[in-house]
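I'd like to ask some things about the structure below.
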Protein chains: 2
Amino acid sequence: MAELFQDLFQARTVEEARTIIGGHINIGGIEKVLLLESPGRRLAEDVRALDAVPGFDRSTMDGFAVKARDTFGASESLPAYLDVTGEVLMGREAVGNIGTGQAWRIPTGGMLPPGADAVVMVEYTEELDDRTIGVTRPVAPGDHVVRCGEDISPGARVLSAGQIIRPQDLGLLSSVGLTEVAVALPIRVGIISTGDEVIEPGCSPAPGQVRDINSYALYGQAAACGAKPCIYGIVRDSYELLLDKVRQALAECDIVLLSGGSSVGVRDVAHKVIDSLGFPGVLFHGISIKPGKPTVGAVVDGKPVFGLPGHPVSAMVVFELLVTPLLKYGIYRNNPLEFPVRARMTRNMRSAAGREDYLRVRLYKDEEIIVAEPILGKSGLISTMVQANGLARIPAEKEGVEAGEYVEVKLI
Amino acid sequence: MAELFQDLFQARTVEEARTIIGGHINIGGIEKVLLLESPGRRLAEDVRALDAVPGFDRSTMDGFAVKARDTFGASESLPAYLDVTGEVLMGREAVGNIGTGQAWRIPTGGMLPPGADAVVMVEYTEELDDRTIGVTRPVAPGDHVVRCGEDISPGARVLSAGQIIRPQDLGLLSSVGLTEVAVALPIRVGIISTGDEVIEPGCSPAPGQVRDINSYALYGQAAACGAKPCIYGIVRDSYELLLDKVRQALAECDIVLLSGGSSVGVRDVAHKVIDSLGFPGVLFHGISIKPGKPTVGAVVDGKPVFGLPGHPVSAMVVFELLVTPLLKYGIYRNNPLEFPVRARMTRNMRSAAGREDYLRVRLYKDEEIIVAEPILGKSGLISTMVQANGLARIPAEKEGVEAGEYVEVKLI
């Protein structure tokens, strides 16, 4: 019990937090959607091709379908003369057979006639009369031909469960004739703000009041991941009111985020509520990052509940690290391209060893090099996130970065 | 006239193509949307803050509001003793005044009472009794305080017309009390496939037929940019039919894309149709890139019309270069982060000088370095785009890249 207590209050690394939460979650469902509704959705099952694509040998050039060996040795000074005995019509089956010494006209995309094994580009032919061409360059078997099944072979797994459907994947799904796909349901994210000082954006703040920033920033982040965010509004600093609201959100959503109140009082209430919801409950208090340390991670009956820091910058950083992967993939999974941009720091920045630092940076190009200029300012200032277009990660083992050093950045 | 003819048929660089098209386009409109409908949309006008954020000096810590000078010289061995004469309630105006030698309890986010200019963290105080604290560390004026207007000053331009509304921008809009914003209408993209061999994805291809890939891949690309794509279906190889369809798409959309047919015959018909639509008409034939060279660029009454290459990879590459920027920003504008990832090539790749090459690459991490493995294969194979997750640009002045060299990549 003492050990458990200690574990709970020991700040976790991002990796540990992901592993701990990931070990308990079970969210999502599946639905079938039409092809045109599928872009950006996550595939729920592997996709296998039924047929070969293309379903026939196909010319990639305008020219003549030939037997390649009839062109061997051909040159401008000594063309290979072939009889033109047919023409491939676009979209039609090429019925017939090309014999030795024969050629058929063929358009790009046309079906190679039986007997042919290559295409001669029209640029390397000369038409002697309607029925005869001279070929001035040899072709090898397979030249200018896409083989039957060369794009996709029948039975092949062409897309994998869990991946997000990109534009090219849509093209692929179309090519294999799939007009419906099974995708994961969008993850429903319930967003609750807490704090007696927080008011709706449509209201005019009295002295001591501020408009709700976090609900909207988090809504935007969730929407950008293809999730279905829902704002549950602002709850006053009361255990009963907050418990009711969180229970409602948990019943209707897959993930619940609490944020907004930053005073010790509100935080205590939020922690108490999260603690009382169900099994396994709170899994850690605090992650060893800056900004974002005072984060509570919990799972209730398979659904993650996060108590996010009150400062908007901190809440957004924690969302990027702990919520974004879940919304995109439904699980935490290794993503080597999570921080894909390498940028050169414009100035020294200190950080404490033993914790990861996330710097707001403005990326721009300076003589072909992408540079990262840190945006300084308290983590309570949303304007610093607006000035930034990147989030740079300083690894826990470093005690800072120097001007000229490279950092890994995520675009925001 | 001869010069114009030559100009039209001279292959353009991507930059030239953007400049030429950009000089003639005039697309889009404006609508007002609610805050929660605005993420991902493009701001139609600058946003200025009416009020200061926060609207009052605000504590960033739980502790005591003080006059900083009352703490000067304080230490653990010689604390500064202050009378606790009040308490700031969260979300309430702090009415009253802090006199010399006095302190008020204040929560994180609370309003600094008149007379106070700093906050002492609770960790650096000791409570002697209900009415007296000892301060064990001095604070300077402004310590642990966000000043009125420090996040956003009243009247400041906080967001600029033309930018896309990101999650943090949503938070900012909320903080200044905007519940509606003027955004650009989503750009409507009409997509037309041509070719006698192309059939709908729901149909079973007879020999010689292939399912439509391009319409769907382009639809996905347009949707990913926040545009409103519309598929107009497959048009047979006929001038009249195609002209009718393109006219319909032009009447209903802001941009029209023709693609699919790759034979000379279909291309000729497509070019003839584009040429006959209106002023200024076709502006260039061909761009000096690979893949994607046989691209026709036109503008008709302010609306761009592109004749895209038939091969899916080529069509998608041209879309990324010439259509994506328009859909995102409504204009071509300089984007230094268009190819933001720097990756190390795993193998040599040749390219011809004088044309830009775009390589399909698979990015992955190899010992902390992002590497780019070229996906080889004909540009007619959609599966090569599916295997790729990046598009690497080889500048026109280079004759290839060597293994170990770095390239600039766009994630796809």
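Select from the stretch A:334-361 the residues that are within 14 Å of another protein chain (Cβ to nearest Cβ) and touching a residue at least 60 places away in the same chain (Cβ under 8 Å) and write down the one among them that is most open to solvent (accessible area, probe 1.4 Å).
Checking each candidate, the answer is A:342.
Take the stretch B:149-166 and flag every residue that is surrounded by fewer than 19 Cβ atoms within 10 Å (Cβ to Cβ), more than 30 Å from residue B:185 (Cβ to Cβ) and within 10 Å of chain A (Cβ to nearest Cβ). So that I can check it myself, show each step before the final result.
Pass one, the stretch B:149-166, residues surrounded by fewer than 19 Cβ atoms within 10 Å (Cβ to Cβ): B:149, B:153-157, B:160-164.
From what's left, more than 30 Å from residue B:185 (Cβ to Cβ): B:149, B:153-154.
Scanning the stretch B:149-166 gives a single hit, B:153.
Hey, which of the strands (runs of 3 or more DSSP E) in the stretch A:325-412, taking only ones fully inside, have at least 3 residues that are under 30 Å from residue A:188 (Cα atoms)?
A:356-366, A:390-394, A:406-411
Something else now. Across the stretch B:357-369, what is the number of residues that are touching a Lys or Arg at 6+ places or on another chain (Cβ under 9 Å) and at pLDDT 95 or above?
Summing the residues that are touching a Lys or Arg at 6+ places or on another chain (Cβ under 9 Å) and at pLDDT 95 or above in the stretch B:357-369 gives 3.
Just need a number here: residues in the stretch A:57-66 that are assigned to a loop (DSSP other than H, G, I, E, B) and not charged (D, E, K, R).
Residues flagged as assigned to a loop (DSSP other than H, G, I, E, B) and not charged (D, E, K, R) within the stretch A:57-66 amount to 2.
For every residue, the table says whether it meets (1) open to solvent by less than 30 Å² (accessible area, probe 1.4 Å); (2) assigned to a strand (DSSP E or B); (3) without any contact (Cβ under 8 Å) to a residue 40 or more places away in the chain; (4) over 30 Å from residue A:358 (Cβ atoms).
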residue	(1), (2), (3), (4)
A:17	yes, no, no, no
A:21	yes, no, no, no
A:28	no, no, no, no
A:51	no, no, no, yes
A:55	no, no, no, yes
A:77	no, no, yes, yes
A:81	no, yes, no, yes
A:89	no, no, yes, yes
A:94	yes, no, yes, yes
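So which of A:299, A:256 is modelled with pLDDT of 95 or more, over 25 Å from residue A:197 (Cα atoms), more than 14 Å from chain B (Cβ to nearest Cβ) and open to solvent by less than 10 Å² (accessible area, probe 1.4 Å)?
Values: A:256 fails: over 25 Å from residue A:197 (Cα atoms).
Just one listed residue meets the conditions, A:299.
So how many residues does the stretch A:36-51 have that are more than 12 Å from chain B (Cβ to nearest Cβ) and either closer than 16 Å to residue B:211 by Cβ or of a type outside the set (A, V, I, L, M) (or both)?
Number of matching residues: 4.
Checking residue A:137 against (1) modelled with pLDDT of 95 or more; (2) open to solvent by less than 30 Å² (accessible area, probe 1.4 Å): exactly one of these is not met. Which one?
(2)
Taking the stated definitions as given, is residue B:69 away from chain A (no Cβ under 14 Å), open to solvent by 30 Å² or more (accessible area, probe 1.4 Å) and not in a loop (DSSP other than H, G, I, E, B)?
Yes; evaluated as a whole, the condition is true for this residue.
Which one is nearest to residue A:265 (Cα to Cα), of the residues in the stretch A:211-234 that are surrounded by fewer than 23 Cβ atoms within 10 Å (Cβ to Cβ) and without any contact (Cβ under 8 Å) to a residue 60 or more places away in the chain?
Among them, the one singled out is A:234.
Is it the case that residue B:237 is open to solvent by 20 Å² or more (accessible area, probe 1.4 Å), within 13 Å of chain A (Cβ to nearest Cβ), closer than 21 Å to residue A:106 by Cα and not polar (S, T, N, Q)?
yes
Conditions (1) open to solvent by 20 Å² or more (accessible area, probe 1.4 Å); (2) at the interface with chain B (Cβ under 9 Å from one of its Cβ atoms); (3) in contact with a Phe, Trp or Tyr (Cβ under 9 Å, 6 or more places away or on another chain), marked per residue:
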| site | (1), (2), (3) |
| --- | --- |
| A:363 | no, yes, no |
| A:377 | yes, yes, no |
| A:381 | no, yes, no |
| A:391 | no, no, yes |
| A:399 | yes, no, no |
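When the residues of the stretch A:57-70 are filtered to those that are touching a helix residue (DSSP H, G or I) at 6+ places or on another chain (Cβ under 9 Å) and modelled with pLDDT of 95 or more, which remaining residue is nearest to residue B:265 (Cα to Cα)?
Residue satisfying both the conditions and the ranking: A:63.
Looking only at the stretch A:56-86, which residues are hydroxyl-bearing (Ser, Thr, Tyr) and within 12 Å of residue A:138 (Cβ to Cβ)?
A:71, A:75
I would also like to ask the following. Taking the stretch B:97-131 as the region of interest, how many residues are in a loop (DSSP other than H, G, I, E, B) and either closer than 17 Å to residue B:68 by Cβ or under 48 Å from the mean Cα position of the chain (by Cα) (or both)?
So the first thing to find is which residues in the stretch B:97-131 are in a loop (DSSP other than H, G, I, E, B), and the list is B:97-101, B:107-110, B:112-117, B:130-131.
Pick out the ones that are also either closer than 17 Å to residue B:68 by Cβ or under 48 Å from the mean Cα position of the chain (by Cα) (or both) and you get B:97-101, B:107-110, B:112-117.
Result for the stretch B:97-131: 15.
Keeping to the stretch B:178-222, report how many residues are in contact with a helix residue (DSSP H, G or I) (Cβ under 8 Å, 6 or more places away or on another chain), at the interface with chain A (Cβ under 9 Å from one of its Cβ atoms) and either of a type in the set (A, V, I, L, M) or under 30 Å from residue A:217 (Cα atoms) (or both).
Final tally of qualifying residues: 10.
Among the residues of the stretch B:259-281, count how many are away from chain A (no Cβ under 14 Å), crowded, with 20+ Cβ neighbours inside 10 Å and out of contact with any Leu (no Cβ under 6 Å at 6 or more places or on another chain).
Matching residues across the stretch B:259-281 total 1.
The values are calculated or read from the model by the stated rules, or taken from the named source; none is laboratory data. No experiment lies behind these values; they were computed from the predicted model shown. Note that each Cβ is placed from the backbone with ideal geometry, even for glycine, and that neighbours are counted across all protein chains shown. Remember, those area values only see protein heavy atoms, side chains included, never the ligands or the DNA or RNA. Shrake-Rupley method; radii C 1.70, N 1.55, O 1.52, S 1.80 Å.
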